[in-house]
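S.K.: Below is the structure I would like to discuss, written out as structure tokens.
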Amino acid sequence: MAGHSKWANIQHRKGRQDEKRGAAFSKIAKEITVAAKMGGGDAGFNPRLRVAIDKAKAVNMPKDKIDTAIKKGTGELEGVDYIEIRYEGYGIGGAAIMVDCLTDNKTRTVAEVRHAFNKYGGNMGTEGCVVFQFKHCGQMIFAPGTDEAALMDAAIESGADDVATNDDGSIEVITAPAEFINVKDALEAAGFKPEFAEVTMKPEGETPLAGDDAAKMQKLLDALEGLDDVQEIYTTAVMDE
């Protein structure tokens, strides 16, 4: 995001996740369960499960919680049957928002998401209204000061789609979703550990917000993030710290 501090945004996000670790455990456990149900309980043959487990380890989720979530997905333990739903809409200043949910009650979830949009100045839209503003990809961000040339060589050799240096000095590596794990493993083996690494919906553009607009947008995102059924939120909004 040229002109904005992607590094600061990542650090801010990580800090917020740490503050809400209990909620993070619950949401990651849901993702692990669904991933195991869809692709089996062996992370070596299930890329989605591997990504979810890596996410769990990044927030120090206990191993027994990870194992329990996997067993619920594979049917070894009784669990809830979750369905995946995506809602789309607009926030402050017309910023695009996508909300990915895992739920056992679609009626409850859509009502809660719509209420959050309406209460905090957003507008929930129809399916497909903003998804074209995002790219499904693997994304890794490396700290400012990382050896750019060496990382670029390693990334290209491992099959990454793109490498870019941001204005703040952080380096971003983009992959196809299916190649994310292979590229991440190759880069870590070469000594490059990303500070942020996910298969995500990366905004193709950005909607800069400042002052009151930024504060209002953050309240909307916080309200959505606080819903139990919400797993991930993607937005084109870029807010000044």
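S.K.: Within the set of pairs 6+ apart or on separate chains, which have a first residue in the range 63-92 that is without any contact (Cβ under 8 Å) to a residue 24 or more places away in the chain, a second that is in a loop (DSSP other than H, G, I, E, B) and open to solvent by 60 Å² or more (accessible area, probe 1.4 Å), and C-beta atoms under 9 Å apart?
M.R.: ASP81/ASP104; ILE83/ASP104
S.K.: Out of the range 35-65, which residues are part of a helix (DSSP H, G or I), among the hydrophobic types (A, V, I, L, M, F, W, C) and surrounded by fewer than 19 Cβ atoms within 10 Å (Cβ to Cβ)?
M.R.: MET38, PHE45, ALA58
S.K.: Would you be able to say whether some residue in the range 171-181 is over 10 Å from MET140 (Cα atoms) and of a type in the set (Phe, Trp, Tyr)?
M.R.: no
S.K.: While we're looking at this one, here's another question. Does the range 71-100 hold any residues that are within 23 Å of MET239 (Cβ to Cβ), touching a helix residue (DSSP H, G or I) at 6+ places or on another chain (Cβ under 9 Å) and either in a strand (DSSP E or B) or open to solvent by less than 40 Å² (accessible area, probe 1.4 Å) (or both), and which are they? So that I can check it myself, show each step before the final result.
M.R.: Of all residues in the range 71-100, those within 23 Å of MET239 (Cβ to Cβ) come to 86-100.
Keeping just the survivors that are touching a helix residue (DSSP H, G or I) at 6+ places or on another chain (Cβ under 9 Å) gives 86-93, 95-99.
ARG86, TYR87, GLU88, GLY89, TYR90, GLY91, ILE92, ALA95, ALA96, ILE97, MET98, VAL99 - these are the residues of the range 71-100 that are within 23 Å of MET239 (Cβ to Cβ), touching a helix residue (DSSP H, G or I) at 6+ places or on another chain (Cβ under 9 Å) and either in a strand (DSSP E or B) or open to solvent by less than 40 Å² (accessible area, probe 1.4 Å) (or both).
S.K.: Please state which of the following conditions GLU172 fails to meet, knowing it meets all the rest: (1) out of contact with any helix residue (DSSP H, G or I) (no Cβ under 6 Å at 6 or more places or on another chain); (2) open to solvent by 20 Å² or more (accessible area, probe 1.4 Å); (3) of a type in the set (Asp, Glu).
M.R.: Result: GLU172 fails condition (2) only.
Let's see how each residue does on (1) free of Cβ contacts under 8 Å to residues at least 12 places away in the same chain; (2) open to solvent by 30 Å² or more (accessible area, probe 1.4 Å); (3) farther than 27 Å from LEU102 by Cβ; (4) part of a strand (DSSP E or B):
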residue: CYS137; (1), (2), (3), (4): no, no, no, yes
residue: ILE141; (1), (2), (3), (4): no, no, no, yes
residue: PRO144; (1), (2), (3), (4): no, yes, yes, no
residue: ILE156; (1), (2), (3), (4): yes, yes, yes, no
residue: ALA164; (1), (2), (3), (4): yes, yes, yes, yes
residue: ASP168; (1), (2), (3), (4): no, yes, yes, no
residue: VAL183; (1), (2), (3), (4): no, no, no, no
residue: LEU220; (1), (2), (3), (4): no, no, no, no
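S.K.: Going through the range 123-135 one residue at a time, which ones are surrounded by 14 or more Cβ atoms within 10 Å (Cβ to Cβ) and assigned to a loop (DSSP other than H, G, I, E, B)?
M.R.: GLY125, CYS129, VAL130 - these are the residues of the range 123-135 that are surrounded by 14 or more Cβ atoms within 10 Å (Cβ to Cβ) and assigned to a loop (DSSP other than H, G, I, E, B).
The values are calculated or read from the model by the stated rules, or taken from the named source; none is laboratory data. The shown structure was predicted, so the numbers you read here are calculated from the model rather than taken from an experiment. Note: ideal-geometry Cβ built from the backbone for every residue, glycine included; neighbour counts use all protein chains shown. Each accessible area value is taken on the protein alone, full model and side chains, heavy atoms only, with ligands, DNA and RNA left out. Shrake-Rupley method; radii C 1.70, N 1.55, O 1.52, S 1.80 Å.
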